[in-house]
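Below: one structure, written as structure tokens.
The values are calculated or read from the model by the stated rules, or taken from the named source; none is laboratory data. Nothing here was measured: the structure is a model prediction, and the numbers come from that model. Ideal geometry is used to build each Cβ from the backbone, glycine not excepted, and the neighbour counts take in all protein chains shown. Calculation scope for accessible area: heavy atoms of the full protein, side chains included, ligands and nucleic acids excluded. Shrake-Rupley method; radii C 1.70, N 1.55, O 1.52, S 1.80 Å.
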Amino acid sequence: MVKGALALLISGGTENWAPLRWRERFSRVCPDRAVALIPDDAIDPALVRYAAVWKPKPGALSDFPNLEVIFNLGAGVDAVMSDLTLPTVPLVRVAVDDLTRRMTEYVVMHVLMHHRHQGYYAESQRKKVWAPKLQWAAGDLRVGIMGLGVLGRDAAEALARIGFDVAGWSSTWKAISGIECFAGAAQLGGFLARTDVLVCLLPLTAQTRGILNRRTFTKLARDGKLGGPVVVNAGRGGLQNEDDLLAALDDGTLLAATLDVFHSEPLPADSPFWSHPKVTLSPHNAADTDPDAISVYVAEQIARHESGEPLENVVDRKAGY
Ligand code: NDP
Ligand code: OXD
């Protein structure tokens, strides 16, 4: 029997999203089915049952009349969901250990950088200054994770293992050993009030857009060891109000920010974030999507689907994540 074809619709522009890399990996893990890179490879659209996508052109998925599943090649589905013509077949997102571990590395690294005064020591080394600062224990720093999903939960647990005082906030309440859990709009204030370092790992939806704004920043704890609150955003740029963020850094409402994501990516050369003394930034690579790990994951999901098992990590279209 001829197996349903897999169409790859990939754009993004970075090395990690080079379409040929993905075609090579998918052809290797799906040797018994046609894998077509769109628009380079010719394929009869009627043969396509599966599409693996990253930022496909709006409307492009409507070309396949027999599509059964769309696989978003990242964890966040905001880009694909913004296509109002997206076929109503199941949309599966990425949730794999490889990606989760990469994000946890990023979050732990940046929380530790603030906790252990790494900016100050790098500067001291440049100036040849030997002047150790008082170092408090990890348990004296209150970290708050917005989003206790696949990524937020793992980062929270890793930080708690190191000894940080960790809380998390999500839509529905969770019970996670060692983590103080808050949920919903009603508990956001309490969560922020006990937080020195706010880590955002929320999806970008109509409800979360712009949630990192002045109102949120002013509710963060101001009596913590760092001398002011710090924000780490590795979710999506649309979660942050960038004017509020810059103003809060400038007037001292925030001590510092670590940003992996921005409204406009690549970050324009004239963005004030590049040279802001209180900003540490990275080019949206907190957790790279690895073609080896993700192609295997998609092939496993296709195998589940074809053997009648339920797909995993299907996006709730109404919730938007
Ligand atoms: P999940 O869907 O597993 O988790 C999302 C979490 O956010 C859940 O805990 C959910 O609550 C919570 N949430 C959603 N909406 C709200 C709301 N309105 N109020 C409170 N909590 C809310 O996602 P992942 O953990 O896998 O990924 C999170 C995001 O990280 C992705 O959407 C993507 O944007 C970003 N990302 C960034 C990367 C990077 O390199 N910078 C790489 C990968 C992902 P509940 O559990 O109750 O539903
Ligand atoms: C993702 C990302 O959502 O890489 O996976 O941003």
Single match in Met109, Met103 (criterion: within 16 Å of ligand 1 (Cβ to nearest atom) and without any contact (Cβ under 8 Å) to a residue 12 or more places away in the chain): Met109
Which condition number in (1) open to solvent by 10 Å² or more (accessible area, probe 1.4 Å); (2) within 16 Å of ligand 2 (Cβ to nearest atom); (3) of a type in the set (Phe, Trp, Tyr) is the one that Trp22 fails? (1)
Out of everything in the stretch 193-218 that is in contact (Cβ under 8 Å) with a residue 40 or more places away in the chain and among the hydroxyl-bearing types (Ser, Thr, Tyr), what residue ends up being farthest from ligand 1 (Cβ to nearest atom)? Thr195
Scan the stretch 302-316 for residues that are surrounded by fewer than 21 Cβ atoms within 10 Å (Cβ to Cβ) and part of a helix (DSSP H, G or I) and report the count. 4
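Yes/no per residue for (1) at pLDDT below 95; (2) open to solvent by less than 20 Å² (accessible area, probe 1.4 Å); (3) more than 15 Å from ligand 1 (Cβ to nearest atom):
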site	(1), (2), (3)
Ala234	no, yes, no
Ile294	no, yes, no
Glu300	no, no, yes
Lys318	no, no, no
Check Asp260 against each of (1) of a type in the set (D, E, K, R); (2) within 16 Å of ligand 2 (Cβ to nearest atom); (3) open to solvent by 40 Å² or more (accessible area, probe 1.4 Å) and name the one condition it does not meet. (3)
Just to be sure before I move on: is Gly190 away from ligand 2 (no atom under 16 Å from the Cβ), without any contact (Cβ under 8 Å) to a residue 12 or more places away in the chain and open to solvent by 20 Å² or more (accessible area, probe 1.4 Å) in the structure I sent? yes
Which of the residues spanning the stretch 236-257 are outside any helix (DSSP H, G or I), surrounded by 17 or more Cβ atoms within 10 Å (Cβ to Cβ) and away from ligand 2 (no atom under 16 Å from the Cβ)? Asn241, Thr253, Leu254, Leu255, Ala256, Ala257
Within the stretch 146-187, restricting to residues that are within 8 Å of ligand 1 (Cβ to nearest atom) and of a type in the set (A, V, I, L, M), the one that is surrounded by the fewest Cβ atoms within 10 Å (Cβ to Cβ) is Ala185
Please work out if Gly119 is outside any helix (DSSP H, G or I) and either of a type in the set (A, V, I, L, M, F, W, C) or open to solvent by less than 80 Å² (accessible area, probe 1.4 Å) (or both). no
